[in-house]
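Enquirer: Provided herewith is a single structure, encoded as structure tokens, for subsequent inquiry.
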Amino acid sequence: MTEEPYRWVEAIANRREYIETQLAPGSPIAALTYQDGILLVTVGQARQKLFEIYDRIALGAIGHPGDIERLRMAAIELASTEGFTRSAADVSLRRLAFYSLSPLLKTAFEQVYGAPYLARMIFAEVGATPADDLFLRVEYDGAIAAHGPKQPSFCAISGTTRGTEAMEEQLARDHDAGATLRQAMKVALDAWTVGSLQASQESAELPSHPKLLELREEKLRNATIEACVLERAGATAIRYRQLTGDELKTLAA
């Protein structure tokens, strides 16, 4: 009987190692405040990685498509129920993440005889002012890293811890909350490039701006960019808008 706790700890360690290995190839996602709202950017293949959750809330995720979809639908259902039973203004990202999604992920991760969620998520909620914007990084084990008031107005996720740290180092260096959408797009794509470099162990240091521009152009030459914004001011309650077509090409040029 005395061995049971140790077996559980070992099982959790093996579980964590397995999930990290599965997430490692995931394409990074950057989210950052700009002068008119929040921008989320990633680069990938055919499947979508950026989603609307509710009015002022957006989600970006890497991991298994099936698990991402289950978590996305859970988030939408929770937010919609909150909005229906209370009001749209009462739907809060903090409440959604800390009191609903985090316990769900933690329970699935710690029940070692069941399947965990293979997903790492980034949430963004646009506020009335840039200082009110909120970013949350939600891990597969339910852990949450918050970026909000009095904290940096950006957030990032990558397939590896090293990649995420490098992206946030680059964002801390180059990000300006008062930037235009076009300027923010370039900074976000630079962050994606840095995350990709770290994930593939191509570089151990943050590249200089000229080198980063060269690397970004090289990596994005045949890539598909996915981006969306949460607009701070809008004619409707829904602030989410996907960037597509000529607008996306112009912003990323």
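Enquirer: Quick one: in region 140-175, which of the residues that are of a type outside the set (G, A, S) and within 15 Å of L105 (Cβ to Cβ) is farthest from the chain's Cα centre (by Cα)?
Expert: D141
Enquirer: Separate question: Within region 106-129, count every residue that is touching a helix residue (DSSP H, G or I) at 6+ places or on another chain (Cβ under 8 Å) and in a helix (DSSP H, G or I).
Expert: 2
One line per residue, one yes/no per condition, for (1) more than 15 Å from R241 (Cβ to Cβ); (2) surrounded by 24 or more Cβ atoms within 10 Å (Cβ to Cβ); (3) modelled with pLDDT of 95 or more:
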residue	(1), (2), (3)
A24	yes, no, no
I29	yes, yes, yes
L32	yes, yes, yes
G44	yes, no, no
E52	no, no, yes
G66	yes, no, yes
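Enquirer: Identify the residue in region 193-215 that is touching a Lys or Arg at 6+ places or on another chain (Cβ under 8 Å) and in a helix (DSSP H, G or I) and, among all such residues, is modelled with the highest pLDDT.
Expert: T193
Enquirer: For region 75-93, what are the residues that are over 15 Å from the mean Cα position of the chain (by Cα) and either buried (at least 16 other Cβ atoms within 10 Å of the Cβ) or at positive phi (or both)?
Expert: I76, L78, A79, E82, G83, V91, S92
Enquirer: Got a number for residues in region 66-95 being under 23 Å from D132 (Cβ atoms), in contact (Cβ under 8 Å) with a residue 24 or more places away in the chain and part of a helix (DSSP H, G or I)?
Expert: So the count comes out to 7.
Enquirer: All but one of (1) crowded, with 17+ Cβ neighbours inside 10 Å; (2) within 16 Å of the chain's Cα centre (by Cα); (3) in a helix (DSSP H, G or I) hold for R137; state the number of the condition that does not hold.
Expert: (3) is the only condition that R137 fails.
Enquirer: Scanning for something at pLDDT below 95, within 23 Å of E165 (Cβ to Cβ), of a type in the set (K, R) and in a helix (DSSP H, G or I), does region 1-14 turn up at least one residue?
Expert: no
The values are calculated or read from the model by the stated rules, or taken from the named source; none is laboratory data. Worth saying up front: this structure is predicted, and the values here are computed from it rather than measured. No Cβ is skipped: glycine too gets one built from the backbone with ideal geometry, and neighbour counts run over all protein chains shown.
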